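First comes the structure, then the notes that go with it.
The values are calculated or read from the model by the stated rules, or taken from the named source; none is laboratory data. Since this is a predicted model, take the numbers as computed values, not measurements. Cβ atoms come from the backbone with ideal geometry, glycine included; neighbour counts cover every protein chain shown.
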Amino acid sequence: MPSDCQKTAQLLDGNICAQVYQNQLKAEIQNHLITHENRPGLAVIQIGSDPASTLYINKKKSACAWVNIETFSHQLAHHTSESELLQLIEHLNHEANIHGILVQMPLPRHINPLNIIEAIRPSKDVDGLHPHALGHLIQKDPTFTPCTPYGIQLMLQHYQLSLSGLNTVIVGSSITVGRPIGLMCLNENATITLCHSATRHLKDHIQTADCLITAIGNPHVIDPNWLTDYLMIIDVGIHRSPEGRVMGDIPQHAALHRTQWLTPVPGGVGPMTVTALLLNTWQAYQRQNQHKIET
């Protein structure tokens with residue numbers, strides 16, 4: 001465990017980090033468009049009109065516009081059936097100007113998200129959640145790395161931080177976030193503990209960590225008094241308080257003096273998740289058009 005954690009943590013600023021990567025990507029795409037007409041295309045599907053989902057989609061569309069990725073929005077009613085959604089995805093799978101397909105989660109309860117994820121052609125699965133992508137991630141040969149762990153990976157690279165050899169405790173085991181983060185950490189040579197709703201003595205696990213990653217979206221699971229001294233706390237959770245304040249799984253004031261490095265909420269992992277989506281979409285475009293662009 002690090003011994004010098006009495007100092008205030010240095011924030012891993014996702015906004016600054018995202019701007020660096022997005023500026024690089026924008027320049028790369030602009031250079032490509034000098035000699036090529038068609039832009040990378042991302043289809044964005046939203047079911048219903050959940051305000052939080054709309055906010056996230058707008059952020060993604062704004063970032064796409066900045067780097068010259070064209071978005072194609074599909075706003076469907078909340079009562080849209082699973083079969084109707086699958087038909088739309090099948091159509092988009094065959095559209096040549098669509099290089100990536102994003103279905104905004106969560107979906108209404110009458111739609112099985114696993115069926116939807118598996119319906120997306122693996123070459124257009126820019127969220128990186130198809131079994132094909134996750135299988136390659138297990139083999140340490142990723143096609144598309146899921147956006148949240150990819151964003152974390154890029155952030156750590158930017159700040160020249162390594163997970164190698166660290167006892168890394170991940171709280172949250174969802175298929176879309178927690179488990180892929182665990183795979184990413186394992187591929188970075190971390191020693192991982194993946195905690196979930198049936199984990200006993202959660203406090204004990206949390207207190208053994210060098211790096212604590214939370215991905216539960218609930219600020220009432222981890223008692224701030226459990227926190228000990230860490231090298232890194234990466235807070236992936238996002239929650240809106242009754243007063244409308246956006247916060248993570250751990251109160252920032254409680255974590256600031258318990259770690260050397262800390263991701264704020266908002267402004268930490270979120271912007272980097274969007275950046276990872278942009279990079280995956282660009283990669284999908286390159287593969288589908290068989291362009292070999294030097295980086």
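Here are some notes:
- Residue among Asp204, Asp229, Asp210, Asp235 that is charged (D, E, K, R) and under 16 Å from the mean Cα position of the chain (by Cα): Asp235
- Residue-level analysis places Gly151 outside the set of residues that are part of a loop (DSSP other than H, G, I, E, B), of a type outside the set (Val, Ile, Thr) and at pLDDT 95 or above.
- Filtering segment 65-86 to residues that are assigned to a helix (DSSP H, G or I), surrounded by 13 or more Cβ atoms within 10 Å (Cβ to Cβ) and more than 25 Å from the chain's Cα centre (by Cα) leaves only Glu84.
- Every condition in (1) touching a strand residue (DSSP E or B) at 6+ places or on another chain (Cβ under 6 Å); (2) free of Cβ contacts under 8 Å to residues at least 24 places away in the same chain; (3) of a type outside the set (Phe, Trp, Tyr) is met by His91 except one, and the failing one is (1).
- Residue match in segment 258-271 (condition: in a loop (DSSP other than H, G, I, E, B) and among the hydroxyl-bearing types (Ser, Thr, Tyr)): yes
- So Ser162, is it of a type outside the set (A, V, I, L, M) and in a loop (DSSP other than H, G, I, E, B): yes
- Exactly one residue out of Asp141, Asp127 is at pLDDT below 95, part of a loop (DSSP other than H, G, I, E, B), of a type outside the set (S, T, N, Q) and more than 24 Å from Ala27 (Cβ to Cβ), and it is Asp141.
- Every residue from segment 162-179 that is under 18 Å from Met232 (Cβ atoms) and either in contact with a Ser or Thr (Cβ under 7 Å, 6 or more places away or on another chain) or crowded, with 17+ Cβ neighbours inside 10 Å (or both): Leu163, Leu166, Asn167, Thr168, Val169, Ile170, Val171, Gly172, Val177, Gly178
- Which numbered condition Cys5 misses (of (1) surrounded by 14 or more Cβ atoms within 10 Å (Cβ to Cβ); (2) modelled with pLDDT of 95 or more; (3) within 30 Å of Leu166 (Cα to Cα); (4) not acidic (Asp, Glu)): (2)
- Segment 107-124 - residue that is assigned to a loop (DSSP other than H, G, I, E, B) and in contact (Cβ under 8 Å) with a residue 12 or more places away in the chain and, of those, farthest from Asn38 (Cα to Cα): His110
- So Leu25, is it part of a helix (DSSP H, G or I), touching a His at 6+ places or on another chain (Cβ under 7 Å) and either buried (at least 17 other Cβ atoms within 10 Å of the Cβ) or without any contact (Cβ under 8 Å) to a residue 40 or more places away in the chain (or both): no
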